[in-house]
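Step one of this worksheet: look at the structure below.
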Amino acid sequence: MVLEIKKVGVIGAGQMGNGIAHVCALAGYDVALNDISTDRIQSGLATINGNLTRQVSKEIIKEEERVAALERIKAADSMDQLADVDLVIESAVENEQVKRKIFAQLCPLLKPEAILATNTSSISITRLAASTDRPERFIGIHFMNPVPLMELIELVRGIATEDETFELAKEFTRRLGKTTAVSEDFPAFMVNRILLPMINEAIYTLYEGVGSVEAIDTAMRLGANHPMGPLQLADFIGLDTCLSIMQVLYEGLADSKYRPCPLLVKYVEAGWLGRKTQRGFYDYRGETPVPTR
Ligand SMILES: CC(=O)CC(=O)SCCNC(=O)CCNC(=O)[C@H](O)C(C)(C)COP(=O)(O)OP(=O)(O)OC[C@H]1O[C@@H](n2cnc3c(N)ncnc32)[C@H](O)[C@@H]1OP(=O)(O)O
Ligand SMILES: NC(=O)C1=CN([C@@H]2O[C@H](COP(=O)(O)OP(=O)(O)OC[C@H]3O[C@@H](n4cnc5c(N)ncnc54)[C@H](OP(=O)(O)O)[C@@H]3O)[C@@H](O)[C@H]2O)C=CC1
């Protein structure tokens, strides 16, 4: 089943989904952007326009490219509008039940040869693939945040992913101008297997009173040359996503070293999910972020 990818469907118009739609459209793919509500799609489109405009003002792209990219992205208010896509990239919340429900609704609508990819940060590709009608044509294409700026994509094959699916995904990421690193299908793959325990440890460092939010972030920015401190990065990723990844690591590897910090749990229970809700380890409601502890 040789396939040429021309049209991409993106499910989830949040920070990752809108970034994925952005880079696909700039690379010349037609894009159908879906989310559970029209409002979410519209706010995703507005973010894409803002980020494209910033790229124009920084002379990374031309104004004509901004206009052309925006024209290539269509709002898909219902999943039926994804029926003619060649590749779907699912980027809804990091929750296995939600993802499975999406695939159950989506698969009967897709062309048999269409490739189904997930941008999951941590969940087993093999297990997600097994819940669909096309495990051979299922793959993990894991983008990094912020998508337009980060060079890496992790490619993760499930046990049944066929070679053609892998090659098509590789060619797709090449056309996006990204570099790939291939990971085996184990909890949280490579980047998050290493990054998230570091972030979780930073939260323990705060929880145990070793340092304040500002001290911990300053320590890692200036002491280890990280572009963002770990707590700032946790807020940037989303604390709900951080907690989900830690839970997948904890359960999937059955090792207590991955237990999520209770303070992370508390923030998520409060609905303080980081930048996307304006409050996390920092409060973003004013002009400059203020630490919440
Ligand atoms: C959880 C997972 O599954 C996997 C993951 O993604 S883990 C997270 C991986 N990502 C990281 O670790 C990011 C770490 N941070 C960084 O590398 C940098 O801080 C950064 C690249 C995000 C920004 O770099 P910076 O030079 O400090 O930022 P900043 O000056 O604000 O932005 C530079 C430009 O980036 C662009 N930019 C920033 N945020 C952006 C976004 N969300 N989307 C698109 N473009 C963005 C803008 O063009 C911005 O220009 P302006 O100054 O006009 O705003
Ligand atoms: N944040 C990050 O740094 C990274 C995240 N990822 C992964 O990308 C995925 C998305 O994360 P991110 O963009 O940060 O999350 P966000 O919370 O920003 O966005 C998720 C979007 O999916 C929507 N959504 C929820 N349920 C459904 C559904 N049934 N159908 C369609 N859309 C739905 C949400 O709507 P609503 O808000 O209304 O629920 C929201 O708009 C996750 O799997 C995450 O692990 C991968 C790399 C990096």
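No value in this document is a laboratory result; all are computed from the given coordinates. For clarity, every value in this text was computed on a predicted model and none was experimentally measured. Backbone-built Cβ (ideal geometry, glycine too); neighbour counts: all protein chains shown.
Sort out which residues of segment 229-268 are more than 12 Å from ligand 2 (Cβ to nearest atom) and not in a helix (DSSP H, G or I), and write them in order of number.
Of everything in segment 229-268, those that are more than 12 Å from ligand 2 (Cβ to nearest atom) and not in a helix (DSSP H, G or I) turn out to be Gly229, Ala254, Asp255, Arg259, Pro260, Cys261.
Considering (1) at positive phi; (2) over 21 Å from the mean Cα position of the chain (by Cα), say which one Ala160 fails and leave the rest.
(1) is the only condition that Ala160 fails.
Kindly indicate whether any position in segment 18-40 is assigned to a loop (DSSP other than H, G, I, E, B) and buried (at least 21 other Cβ atoms within 10 Å of the Cβ).
Scanning segment 18-40 turns up at least one residue that is assigned to a loop (DSSP other than H, G, I, E, B) and buried (at least 21 other Cβ atoms within 10 Å of the Cβ).
In segment 129-148, which residues are within 14 Å of ligand 2 (Cβ to nearest atom) and either of a type in the set (Phe, Trp, Tyr) or closer than 11 Å to Ala160 by Cβ (or both)?
Result: Phe143, single match.
Please state which one of Glu4, Glu113, Glu64 is more than 11 Å from ligand 2 (Cβ to nearest atom), of a type in the set (D, E, K, R), at negative phi and part of a helix (DSSP H, G or I).
Glu64
Would you mention how many residues in segment 41-86 are in contact (Cβ under 8 Å) with a residue 40 or more places away in the chain, among the polar types (S, T, N, Q) and either loosely packed, with under 15 Cβ neighbours inside 10 Å or under 12 Å from Val10 (Cα atoms) (or both)?
Selection size over segment 41-86: 2.
What number of residues within segment 148-167 satisfy the criterion of being in contact with an Asp or Glu (Cβ under 9 Å, 6 or more places away or on another chain) and surrounded by 14 or more Cβ atoms within 10 Å (Cβ to Cβ)?
Qualifying residue count, segment 148-167: 8.
Checking Thr38 against (1) away from ligand 1 (no atom under 15 Å from the Cβ); (2) touching a residue at least 40 places away in the same chain (Cβ under 8 Å), which single condition isn't satisfied?
(2)
In this structure, does Arg259 turn out to be surrounded by fewer than 16 Cβ atoms within 10 Å (Cβ to Cβ) and of a type outside the set (S, T, N, Q)?
Answer is yes for this residue.
Kindly evaluate Ala202 against the criterion of being away from ligand 1 (no atom under 12 Å from the Cβ), of a type in the set (A, V, I, L, M) and over 17 Å from Leu264 (Cβ atoms).
When the stated conditions are applied, Ala202 does not pass them.
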